[in-house]
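Working notes, beginning with the structure itself.
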Number of protein chains: 2
Amino acid sequence: MAEGETRHMMSDGMMPTRRQMLRAIGMAGGTSALYQAMTSMGHAAETQFKGPPNLQGAREGASVLVLGAGLAGMLAAYELTKAGYKVEILEYNTRPGGRNWSLYGGDTYTELGGATQKVDFAPGNYLNPGPWRIPHHHRTLLHYCKQFGVALEPFMQLNHQALVHQSKAFGGKPQRYRELAADYEGNIAELLGKAIDNKSLDTAMTIEDTDRLRESLRTWGLLDKDMRYVKGMRSSARRGFDRPRGGGVDGAPIPSEPFAFKDVMDSRIWNVVQHHMDGFHQTTMFQPVGGMGMIGKAFGKQVAGMIRYGAKVTKIDQSGGNVTATYTDMATGQIKEAKADYCVCTIPLGILYQIELDASPGLLAAIAAVPYSNSVKVGLEMKRRFWEEDEAIYGGISFTDQEIAMISYPSGGLHSAGPGVILGTYAFGGAAYKLAGMTPEERVEVALKQGAVFHPESYRKEFSNGASVAWSRVPFTLGCCARWTEETRKEHYQTLVAVDNRIVLAGEHASYVGCWMEGALLSSLDAVTRLHKRAQEA
Amino acid sequence: MAEGETRHMMSDGMMPTRRQMLRAIGMAGGTSALYQAMTSMGHAAETQFKGPPNLQGAREGASVLVLGAGLAGMLAAYELTKAGYKVEILEYNTRPGGRNWSLYGGDTYTELGGATQKVDFAPGNYLNPGPWRIPHHHRTLLHYCKQFGVALEPFMQLNHQALVHQSKAFGGKPQRYRELAADYEGNIAELLGKAIDNKSLDTAMTIEDTDRLRESLRTWGLLDKDMRYVKGMRSSARRGFDRPRGGGVDGAPIPSEPFAFKDVMDSRIWNVVQHHMDGFHQTTMFQPVGGMGMIGKAFGKQVAGMIRYGAKVTKIDQSGGNVTATYTDMATGQIKEAKADYCVCTIPLGILYQIELDASPGLLAAIAAVPYSNSVKVGLEMKRRFWEEDEAIYGGISFTDQEIAMISYPSGGLHSAGPGVILGTYAFGGAAYKLAGMTPEERVEVALKQGAVFHPESYRKEFSNGASVAWSRVPFTLGCCARWTEETRKEHYQTLVAVDNRIVLAGEHASYVGCWMEGALLSSLDAVTRLHKRAQEA
């Protein structure tokens, strides 16, 4: 992969095409590039939300057809209805939410290829196949969660007590994040301190500045008085003790020995540190109480009467001075039509590409130009919360360079008794396509086998049941989310988001906050604002 | 302050004596040393809890007198009762919990000096004057919270969106933690990268190792392809954008300019980073739902019948083949006695020092040798959660070099409507003594004035009412917690924790987890285990 490409992947959230991605992962030798890809899944820092739009005065009888009852579509319907439009929503699924979705015990899910899973989780437990965490700066989403009464609780992202596994480090034994991060940064501080002592820093710093830099490194990197990162109370206070502090006669702690720097480097811990410090993962993050799908349900209640479920759109025409969508009523097999003056289309691009769409060549080219990423998630229900009870891990993520990429401990029901669902796989790129090619049972088996590296004594013993979603096999999206590159942004983005006669597209694919619910909502607000303006001017 | 002293303060959680501390703070020029002191308030990584003790077979009729119904005393009573002892607890206050304590609306609190505060918080709101957060590795406390049914929720410690204020940095304007931390570490990475390029690192690293170190610095420090920390998508992904990513036509983000390194250094951000990375503050932390005092109440229920409230102990005698405590019944003024075969004394050392105690000269010397720290907390109730609504700050801490040291946003009720209580002051050292010398109203005024630096537009406008606790004026402790030094540990610690004829001391002061509830509990378990052994051998 060229230098430039790497930079853009890492910095911009703009992913290469599927082919480029697979090639990149292949070049880096299997799964070792996954951290990089994961890191680029989350990008920036804030949003452009300025409050809900104040759309008013729709023309008497004006109507809008919304395609898709995901968050973008439902928000469009909600705001357009407030503005006075008559709105109808066509939705392929028999539930609201789209990719905002939780699988609960009793749910049934059939993927492309025909495999059907009956989810067997205990009451209250769930897997979020799609979005699973909400940054504090996703103000649009948080605004409507509050307005629509969705109860939120903290999502734990960074957990110092969680584990990091790199096959070629520490003989394949996972280590605690706190140990690796402390040792990496301690060594960085010591090395820079030495460079200062050698007067080899090529900077314009004064002696005073240099002294302050040394002082800062001592504190930040936990160096001793000789500016060394060594075994002692200072380093153990961050990385942990051999015998922790206690009470009474044997209360005195015994410090731990830092790892050899070479071993720390083998762990590639900097990828995990960077991942956690990224703007999308900074504290405080949230999740809805009871599963991410609670948001889709809450939005669905607001527009309940407008949604026609089980409607598979096959054709979109705007030649007759209005918009006509032809769809199959999946319950009866009947072919039907829905008409309106305008249309907000939130259908994912990979699906939309297969629909006969009456639009400008530019828009059709844009739709064809943006590939979708894949990912696979596996939920593993465990009979007890052994990660909490035995290892004091409450929420957070343990990372691995295996195909499963990570396991994440539930942030809901912390410190409670009973079974819990671990996110046992969140695979990307080549690994995701490999897992998608397996049966759901085989995916669970891979998740168990690879995840056991973190908790070898409990993982299989406590396993109860599992469920998986491979996004390339999800019938209503055929992929996870849109993957723009710098080149496709330049060539197609403005065309994709522009109002095309009577149709405007909305969704995460029509935003720069790709793969996040916030992008879908911001895109939707911008789209309906412009569509309303167009309608007023018509 | 000597080098060695600094090291011990920072690393060991062992604080200098009060005089040493004040001198240290004075030398460092006012409040600038406060971060150092604060950092040393939290120390290590895990605990020595191995499960509850299995004490059995107390002699028929054997009895234990417990002095103090704080957590240490109540746990001792609980476990000794299970072992078969007859237990009575004498408690000065009219509630269980000791320093585990929350102030709610309607509560009244009178400090030494006579100032009485009637707390006026809205229902559900509270100030935790003492402990306020629970590390995930405090297994003893978490064990009994689960056993006694205390509901917990996450406590947010590190918040990237919170602010850092240093009077002499950025013209006194606070900056976001995420901006300062990203810029500090980015510059560290760039500087070390330059040192590598100059081949000036005095290490035995191979070229391969050096290349990998460079690669790690690029990822960890968000450097560009030329190994520079510059304005761009990479650095903005962590520090934030000028115009954040959005949806639709204007979705493209605009990167932000990193601060000048000199300004970053002026902020002394490394102290805050180190504080958050310290073992005591690592994720996941907890707090009880409804206030820390819920723990004291839950413990209190377990030993309800054993506690004699409003009992001020004035004398402890063990000359007659048993232990006799003389106490004043505060409700009636009557002088009374309580007798038992043995005694677990959890009275804080500053109070115990004033009580006539029949014990070995060594124990008396130990009690006299350990000073207590002071701290002052102020709670400020705000009419609305403007920090959440206006600034997307959910929980966490904003730090300042002013006397108030920090403000902390409530971790309970996140994203809810209605009023919230900010911890508006958590002062230490000299600042705490200064604040303790003020009236409660004056303390609230200082908290408002200094805290307004973070939220100038809302702080006074939204203020509703406040409450404060200065620990040097708390009648039942006369201080916050025991401050051991390396020297006093060596000379007095084992004497302090040893069973002295029929009496054993317990509490955070008899542990190496000083100032934390976990220390009190571990000390208590160790004390009752040894006391039981002594009783069996007698």
Exactly one of B:G479, B:G420 is in contact (Cβ under 8 Å) with a residue 24 or more places away in the chain and crowded, with 23+ Cβ neighbours inside 10 Å, and that residue is B:G420
Test for B:K377: is it in the same structural domain as B:V444 (by TED's automatic domain parsing), over 23 Å from B:L522 (Cβ atoms) and in a strand (DSSP E or B):
yes
Among the residues listed as A:G333, A:G310, A:G321, A:G296, the single one being of a type in the set (G, A, S) and buried (at least 22 other Cβ atoms within 10 Å of the Cβ)
A:G296
Within the range B:141-158, take every residue that is touching a strand residue (DSSP E or B) at 6+ places or on another chain (Cβ under 7 Å) and assigned to a loop (DSSP other than H, G, I, E, B) and give me the one that is farthest from B:E215 (Cα to Cα).
B:V150
Which condition number does B:F476 fail, the rest of (1) under 25 Å from B:D107 (Cβ atoms); (2) part of a helix (DSSP H, G or I) being met?
(2)
Take the residues in the range A:225-248 that are outside any helix (DSSP H, G or I) and basic (K, R), then tell me which one is surrounded by the fewest Cβ atoms within 10 Å (Cβ to Cβ).
A:K225
Within the range A:195-216, track down each residue that is at negative phi and outside any helix (DSSP H, G or I).
A:N198, A:S200, A:L201, A:D202, A:T203, A:A204, A:M205, A:T206
Checking the conditions here, which among A:A538, A:A506, A:A482, A:A447 is small (G, A, S), over 17 Å from the mean Cα position of the chain (by Cα) and within 14 Å of another protein chain (Cβ to nearest Cβ)?
A:A506
Number of the exception - B:G247 against (1) touching a Leu at 6+ places or on another chain (Cβ under 8 Å); (2) more than 9 Å from every other protein chain (Cβ to nearest Cβ); (3) of a type outside the set (D, E, K, R):
(2)
From the option list A:L192, A:L222, single residue qualifying as crowded, with 20+ Cβ neighbours inside 10 Å, out of contact with any Cys (no Cβ under 9 Å at 6 or more places or on another chain) and assigned to a helix (DSSP H, G or I) is A:L192
Can you report the number of residues in the range B:138-158 which are buried (at least 24 other Cβ atoms within 10 Å of the Cβ) and farther than 22 Å from A:F286 by Cβ?
4
For the range B:120-132, does any single residue satisfy the condition of being assigned to a loop (DSSP other than H, G, I, E, B), at pLDDT below 95 and in contact with a Leu (Cβ under 8 Å, 6 or more places away or on another chain)?
no
Requiring at least 1 residues that are touching a His at 6+ places or on another chain (Cβ under 7 Å), the helices (runs of 4 or more DSSP H) wholly within the range A:251-309 are A:269-277
Among residues of the range A:509-523 being not in a helix (DSSP H, G or I) and not aliphatic (A, V, I, L, M), the residue farthest from the other protein chains (Cβ to nearest Cβ) is A:C515
Yes/no for B:I355 being touching a helix residue (DSSP H, G or I) at 6+ places or on another chain (Cβ under 7 Å), modelled with pLDDT of 95 or more and more than 25 Å from B:N125 (Cβ to Cβ):
no
Residue selected from the range B:210-219 under the condition more than 7 Å from every other protein chain (Cβ to nearest Cβ) and surrounded by fewer than 21 Cβ atoms within 10 Å (Cβ to Cβ), by the criterion nearest to A:F261 (Cα to Cα):
B:T210
Quick one: is A:V164 more than 10 Å from chain B (Cβ to nearest Cβ), farther than 30 Å from B:A506 by Cα and more than 30 Å from the chain's Cα centre (by Cα)?
no
Search result, residues across the range B:167-184 that are within 14 Å of chain A (Cβ to nearest Cβ), part of a helix (DSSP H, G or I) and either in contact with a strand residue (DSSP E or B) (Cβ under 6 Å, 6 or more places away or on another chain) or within 13 Å of B:K262 (Cβ to Cβ) (or both)
B:Y177, B:L180, B:D183, B:Y184
Restricting the search to the range A:318-340, which residues are without any contact (Cβ under 8 Å) to a residue 60 or more places away in the chain and under 16 Å from A:A359 (Cβ atoms)?
A:S319, A:G320, A:G321, A:T324, A:T326
Return the only residue of B:L55, B:L112 being in a loop (DSSP other than H, G, I, E, B), farther than 30 Å from A:I254 by Cβ and touching a Ser or Thr at 6+ places or on another chain (Cβ under 9 Å).
B:L112
Checking the conditions here, which among A:D500, A:D526 is acidic (D, E), within 23 Å of the chain's Cα centre (by Cα) and either under 19 Å from A:G73 (Cα atoms) or within 11 Å of another protein chain (Cβ to nearest Cβ) (or both)?
A:D526
Please go through (1) over 38 Å from the mean Cα position of the chain (by Cα); (2) touching a residue at least 40 places away in the same chain (Cβ under 8 Å) for B:Y229 and return the number of the only condition it doesn't satisfy.
(1)
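The values are calculated or read from the model by the stated rules, or taken from the named source; none is laboratory data. Everything numeric in this text was worked out from a predicted model, so none of it was measured. Every residue, glycine as well, gets a Cβ built from its backbone with ideal geometry; the counts of neighbours run over all protein chains shown.
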